[in-house]
Structure formats: structure tokens, C-alpha cells
Amino acid sequence: MADGTKAVVDTSAADGAADEAALAAAIDELADGTARATAAGSPATKNGRGGRTDDGAAAPAPAPAAPAAPGPAGTGPTGTGPAPVGPAPAEPTAESTAPLSVSEIAAELASADAAGRTDPGPAAAAPAKRPPRDPQPTHDPRDTATLPKTLPAPQRRSGDMIGHRYRLEECISSTETFSSWRAVDEKLRRAVGVHLMASGHQRARKVLAAAKSAALLGDPRFVQVLDAVQEGELVYVVREWLPHASDLAKLLSDGPLEPHEAYQMVRQVTDAVAAAHRRGQAHLRLTPRCVLRTDSGQYRINGIAVDAALRGLTGEGGGEDAERVDTRAIGALLFAALTHRWPYPEDRYDLKGLPRNLREVAPDQVRAGVHKGLSELAARALLDHPPHHAEPITTPDGLARAIALMPRIRQPQPELPAFTSPPRHNTHALPTAPNPTRVVAAPGTAPVPVAAPVRRNGRRLRTVVKVTAWTVALGAIGVASWQLVDNLRPGSTAVASPQPSSSSATPTAHAATHDPAPVPVKEALSYNPLGDRADGAASLAKAIDDDPASEWQTNWYNDAFGSKGTKEGTGLLLDLGSVQTVSRVTLKWSTATTAELRMPGKSVGNAQTAKPGDFTVLGKKAGTAVEYNLDSPVTTRYLLIWLTNLSKNPDGGPNAGKYQAFLGDVKVFG
């Protein structure tokens, strides 16, 4: 059929019609032959006895005789007389059985019609039917098992044409078996994505089948497959290209997503994958590179079924079905969006992996301030044994139902700017023309129509010049004052010598009368640029949980920093969530610890990856209860507690004889 499906037809009626047509043709042929034999005076008609003609056909007897049985009259063993009454011997094959006469055929037809063709008898039995043949076999005649499992990817360069239509522009990725390109559709003048693979590869047919099934999906939440062709020794798959979309890996390069954005991502991705599974489709390789966010905030999924087929992945890999594979992948995406960490020990997609000693942990145990509902959702989708004995989610439909039951997370309001503009000394708007005054002429004085407008225009021009000059002067004074205050602020890269002016004394007076207000710490991050792994990653949240009994513990070291240690120090990075004004920081240590309070300089882009020398030292304290009081408040988003000396653990306790630090509480005041 045109749609590729096979039609099932009942051939019983057709076979019966064919049998009747064959019998009728035989009657006509035998009738013609009998007429010719009669006209020539054959011996069969002269002797008056029934016998055989020269061509082997049985001739009718002159005297009518009733048929002995409802079946056809047979011939005897010698072929000259009627068959004996009783069970007939086995019927010979069609090639050796003599044809029936005209009267026998007519009698057979009459008896068959009378019996309703229920038992046509052995002589009238239809020839054996051949099994119907499918003109278009549904199975592939080529055995893919005989094809090579590995075959190099086709070698192509920028500018090559594929299918006389697609011009390759840039190679996006390349593996041993296939390559992915950004190309231009010369016919429609639009950008497309193209996957190239050798047609002789064992996966080539599966790739074509996966691409065609993905093209039939027709869901706008997935990047559409436009074409899938095998051309000579090349197989290529053409997909839609979204030039202004950003994948999730790029979105996470600046840090974790806000709860509202993470909620929108997991909801849209889950709904799309669940809809695909209901139609029999699976992704099987859902990574941050496959999730794209458009300018309108819509998330679209790339590589449905095709990415897995290119890499030879199946839903049964590792003992997990397709639904569990895709559900676990969505959980990993949400985990990365909430923590800015990849939930496995390996570093992937520009994200650092978890420490190897962290297994089966929820996002809120890795990073402080994570939304509780989203953290539980990610753990149930990702882990086989979620914390707090929660039930794991194993299907996209189940994950979609769990998301629907969550309270909707509202979009946060835009944050107010941290800096306020300096007061404007000139409250006047741009100079405008003065209101014209009405001049009343003295009695008896003639008006002068020409001189009066000239004097008014002159006064107006002088007024405009004066106002403009004052505006420029006051603006210059304001800019100079602002630059002077900015240079005097701690942490500034410019070095300014103190001047005994009123402006330099203002911050000191402000600091003396300032009433500090608590500033919440959004997240505590491990800062260990001189080590090979995160320092105290398992207990970061305990430093800012307002519970002095729970402590952040550093890794243990054989020597204290600053003596025989191999490192200068380690640190704890405090993220305030946004730029805040900080005037005081207090720390509570369980053992005497020496630490510096630092803030990143203006040239620092990412505080977590910056070097210790890129930070400005605000103070250095040693002891168990230390307090950093800043002479002038600073504005920053990140604060670094840089540990430069540790205490030795007492004998008989955990890690006896090793050097560690234990931080019970951190408080920041504005």
C-alpha cells in the first residue's frame, strides 16, 4: 500500500471464481475438440462404444447411463473402462491424471452446484494454493550483523555540498564514527544541522530509522528532523537549527539557575519527554547540551532518538528501560541546575563533579539555599534510594505528576540597585525661556516696536548662558566628588593618599554612627584553588545554618599552613546572593584558627575560580571567636575566609595528631 502497510485479503472467493473459470474454459476446449472429432468420423463414434480418443480424452457412450456416484466418473486400471465401485485408489498427480470429458465436467458442475460446493470430490479439487508473497518484504534483506561495527566518519570540509543542497559551514563535533555540522540549506536559504555517517556502518540503518520516527513525532517542543537520506556511501540526517538559543550547559556557566528558572526548565522538559514516551519515542541521551532555551524562555529538546542511535545506545543498557533512563537524566539536569555541580564524580559539560565520597545525596546537601521542593524532586528522579525514605520516580509521566502537585514557584522581582545615585545639587531642569513680561508704557510715551524685542532677546540669551555655565560647573564638581569617594573606598585598585578634607572624614563619621544589620548568606562554597579537591564539601551548609553546634570541617592535613605545609591555605567562600554593603563579620571556631577576611577585586570575574592573590585583604584575626570590624563599609557579593594556620587535633579524638579547622557559625552585618 502507499503508506507502507500490508493489506490482508481473503482469497477464498477469488480462488473459487478462478476454479469455475478454469472448468468453463476446459468445457469449451473439449467441446471444440469433440466437434472436430465427430466431423472427421472418429472411431469413437463409429463403433458405438465409449473409449478414448487419440488425444487421450474420454469419449461419451451412445447410451445414456446414470452416474454411479456424485463424484466424477474415473477410468479403470487399463484406461479403457469405467472405474470399479468402491474405494478409489490414490489419486495420481495432476501431470499424470487424464482430463475429464465434456459430459463428466458438466455432471461434476451440476453435482457441485446441488451440494453447495461442500465436497467437490478429489477430481474437482482445486490445485494446492501457494502462500501469498509480499511484493515489498518488511524485513531488511541485508544482515546488519555482517556490517562493520566501526567505520571511520566520512571526511568532509567546509564548503562541501551534501545531497546537492546542503553546504557545510562549520564542524560542531566529531567522533570516530560520525560528525555534526552547521550547514546552509541552499534551496530554502536557512541554517540547518547535519549529522554525517558512513552508510556501511552497522548503526547506519538504525540512525535512518530513528531519524524517520523522530520526524513523525511532530512535537514543537523538540528540534525537528527535516531529512534523513542514504546517498551512496553516505548517510546524513538534517535537523532544525536554532541560532539564537542557548543550551543548558552555557546557561550554567555563570552559576546555578534561580528556583523559578529551574522549575520552568524541569517542567517543560518533563512534559515533552513524557509526551514522546506516550507515542513510543525515547531520547536515551538527555544531556545539558541537548536542552536549548530560546529567547522567549521556551525550552526545546534536541536529538530525540537520533543522538542515541548515533552512539549505539539502547533503552536496555545497564539493566534499565527507556523510561528510567530518561527520568534519571532529567533528575541529573535539575541537580546540575540547582547546585552548579554534575551529580557524578566525573567533570562534565564544564561542571565540576561531586567528590567521590558523596553518594546518594540531595542537592540541598551539596549547596545551601536550594529550594526544598526542587531538591526533593531531583533526588527522587535521580537516585534509586532518595533521602528521608522518599519514593523514587521511575517514569516521565510520574515525574510530570509530581511536578504538577508542587506549589507554583513565582518569578522573583527584579533586585533594586545596590548603589544610589549621588544627590543632585542642581534641582532645576534644562533651562527654558523665561516667561515674557508685559511692559506698560508710560502715559504720553510712544512705544518703540523694534528696540524692545532686541533687549528681551539679549536678556534671554544671557540667562541661558549663565544657567548652562552653572549646570556644567556643578556637574563637574559632582563627578569629581564621586571619583574621590570611589578611590578612597577599600578594595579599590586606585591608590589615593588621605587628605584632611571634609569629604575624607565623612566615611569615618558614618561608620561611627552606623547601626549594623544582619546580611543573610545565600550559599557557602568550598574555595581550595591550591588543592586537588573541594575542602569540606560535605559540611558546607553547617557553617551558615545558625547552629553553632554544627560545624564546617576542613580536610585534615599533616602540617599546619605556614610551617611545613605544602599549601599556603584553604578557604570558605561566602555568596551573599547579590551585591551587599558589609561592615562587620564574626566567626566562631572550635579551635584556635588564623584566618583572613578578603573580598574579590574589581577585575575578578568568577570568584570561585580566582586565585588568592586576586582578593583584597580586609583584616586578619586569630583565635576562636573573632570579629572583623571594617573602618568603612564595603560593597561586594562574595567574601572569602582564607585560613592560613590550623590547630592540631588532640590525641584520642578523631584524626588525632592531624591539623584541622572547625567553623561553627558565620555572621555578616551590613
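Suppose the filter is of a type outside the set (Lys, Arg) and assigned to a helix (DSSP H, G or I); does Gln230 pass it?
When the stated conditions are applied, Gln230 does not pass them.
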Taking region 519-539 and keeping only residues that are in contact with an Asp or Glu (Cβ under 9 Å, 6 or more places away or on another chain), over 16 Å from Gly353 (Cβ atoms) and either crowded, with 20+ Cβ neighbours inside 10 Å or among the β-branched types (Val, Ile, Thr) (or both), one is left with Val521, Glu523, Ala524, Tyr527
Does region 216-238 contain at least one residue that is of a type in the set (A, V, I, L, M, F, W, C) and in contact with a Pro (Cβ under 6 Å, 6 or more places away or on another chain)?
-> yes
Residue list for region 169-190, filter: among the acidic types (Asp, Glu), open to solvent by 70 Å² or more (accessible area, probe 1.4 Å) and either part of a loop (DSSP other than H, G, I, E, B) or at pLDDT 95 or above (or both) = Glu176
Members of region 601-619 that are within 22 Å of Ala517 (Cα to Cα) and touching a residue at least 24 places away in the same chain (Cβ under 8 Å) | Leu618
Matching residues in region 625-644 - criterion: being open to solvent by 60 Å² or more (accessible area, probe 1.4 Å), at pLDDT 85 or above and farther than 24 Å from Asn606 by Cα = Ala625, Glu627, Asn629
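Mind checking which residues of region 222-279 are among the polar types (S, T, N, Q) and at positive phi?
Once the filter is applied, which keeps residues that are among the polar types (S, T, N, Q) and at positive phi, region 222-279 yields nothing.
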Thr394 vs (1) more than 20 Å from Ala282 (Cα to Cα); (2) open to solvent by less than 100 Å² (accessible area, probe 1.4 Å): all pass except (1)
Do we find a residue being at pLDDT 85 or above, closer than 22 Å to Gly369 by Cα and crowded, with 17+ Cβ neighbours inside 10 Å anywhere in region 648-663?
-> yes
Criterion violated by Val325 - all others in (1) touching a residue at least 60 places away in the same chain (Cβ under 8 Å); (2) aliphatic (A, V, I, L, M); (3) under 22 Å from Leu354 (Cα atoms) satisfied | (1)
Scanning region 272-290 residue by residue, those open to solvent by 40 Å² or more (accessible area, probe 1.4 Å) and either assigned to a helix (DSSP H, G or I) or touching a Lys or Arg at 6+ places or on another chain (Cβ under 8 Å) (or both) turn out to be Arg278, Arg285
Restricting attention to region 258-272, does a residue exist that is at pLDDT below 95 and more than 20 Å from Leu399 (Cα to Cα)?
-> yes
So which residues in region 354-371 are more than 24 Å from Val273 (Cβ to Cβ) and in contact with an Asp or Glu (Cβ under 8 Å, 6 or more places away or on another chain), if there are any at all?
-> Arg367, Ala368, Gly369
Identify all residues within region 585-611 that are open to solvent by 20 Å² or more (accessible area, probe 1.4 Å), more than 19 Å from Val521 (Cα to Cα) and either not in a loop (DSSP other than H, G, I, E, B) or not hydrophobic (A, V, I, L, M, F, W, C) (or both); write none if there are none.
-> Ser590, Thr591, Ala592, Thr594, Lys602, Ser603, Gly605, Thr609, Lys611
For residues that are open to solvent by 60 Å² or more (accessible area, probe 1.4 Å) and assigned to a loop (DSSP other than H, G, I, E, B), tally how many sit in region 378-391.
-> 3
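The values are calculated or read from the model by the stated rules, or taken from the named source; none is laboratory data. This one's a predicted model, so the numbers in the text were calculated from it and none came from an experiment. Note that each Cβ is placed from the backbone with ideal geometry, even for glycine, and that neighbours are counted across all protein chains shown. Each accessible area value is taken on the protein alone, full model and side chains, heavy atoms only, with ligands, DNA and RNA left out. Shrake-Rupley method; radii C 1.70, N 1.55, O 1.52, S 1.80 Å.
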